[in-house]
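Novice: I'd like to ask you about the structure that follows.
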Amino acid sequence: MGKLWLAALLFLAVACGETPSTSASASPEQPVGVPVSSGGAAPSPSAVTPVGNTINPRKVPWISATPTDDGKALDVVWWSGVEPCNMLDRVEVAETADTVAVTLWEGHDRRQPDAVCIDIAIQKQTRVRLPAPLGDRKVVDGAR
């Protein structure tokens, strides 16, 4: 029993008696950090097209709809997740004299029903052809 205590005491003395390291570890006065980018271009949204026939499609709100092709189409951008868990299923367009409602639907890829995806947000974009030019009509989100 005495040898056990002596070994424990010797171990404690050696562990506590180490000299401070002179390595590059930071002290509380010197925080460690990574330089932040000072700008530059934001990444472009990933261009996608509807695939149809996804599992459990749901409405997805979009963040912008920009007219293009002289008002004959809209470039719609939204936040999404990675494929195959978040696939653009379809786009629905409902037109009135005053508005154009665009509804995006996303679901899980039917070909990979058991896929597990990381939980990270990415921007996606799709081009939506309009039955009639936009003109002065307001574009609204059909998912809201």
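The values are calculated or read from the model by the stated rules, or taken from the named source; none is laboratory data. Since we're looking at a predicted model, the values are computed, not measured. With ideal geometry, Cβ positions are generated from the backbone for all residues, glycine too; neighbour counts draw on all protein chains shown.
Novice: Taking the options 127, 110, 144, name whichever one is at pLDDT 95 or above and closer than 20 Å to residue 81 by Cβ.
Specialist: 110
Novice: Could you grab me the full set of residues in region 121-144 that are surrounded by fewer than 12 Cβ atoms within 10 Å (Cβ to Cβ) and either hydrophobic (A, V, I, L, M, F, W, C) or assigned to a strand (DSSP E or B) (or both)?
Specialist: Residues satisfying the conditions are 121, 129, 132, 138.
Novice: Those residues that are under 17 Å from the mean Cα position of the chain (by Cα), under 22 Å from residue 130 (Cα atoms) and among the β-branched types (Val, Ile, Thr), I need them from region 51-83; list them, please.
Specialist: 60, 63, 76, 77, listed by residue number.
Novice: I've got another one for you. Tally up the residues in region 72-118 that are surrounded by 15 or more Cβ atoms within 10 Å (Cβ to Cβ), in contact with a Pro (Cβ under 7 Å, 6 or more places away or on another chain) and either assigned to a loop (DSSP other than H, G, I, E, B) or of a type in the set (Lys, Arg) (or both), please.
Specialist: 2
Novice: Residues of region 56-71 being surrounded by 15 or more Cβ atoms within 10 Å (Cβ to Cβ) and β-branched (Val, Ile, Thr), which ones?
Specialist: Correct list: 60 only.
Novice: So for region 28-50 (the condition being modelled with pLDDT of 65 or more, β-branched (Val, Ile, Thr), under 30 Å from residue 83 (Cβ atoms) and under 20 Å from the mean Cα position of the chain (by Cα)), does at least one residue qualify?
Specialist: The answer is yes, given that some residue of region 28-50 is modelled with pLDDT of 65 or more, β-branched (Val, Ile, Thr), under 30 Å from residue 83 (Cβ atoms) and under 20 Å from the mean Cα position of the chain (by Cα).
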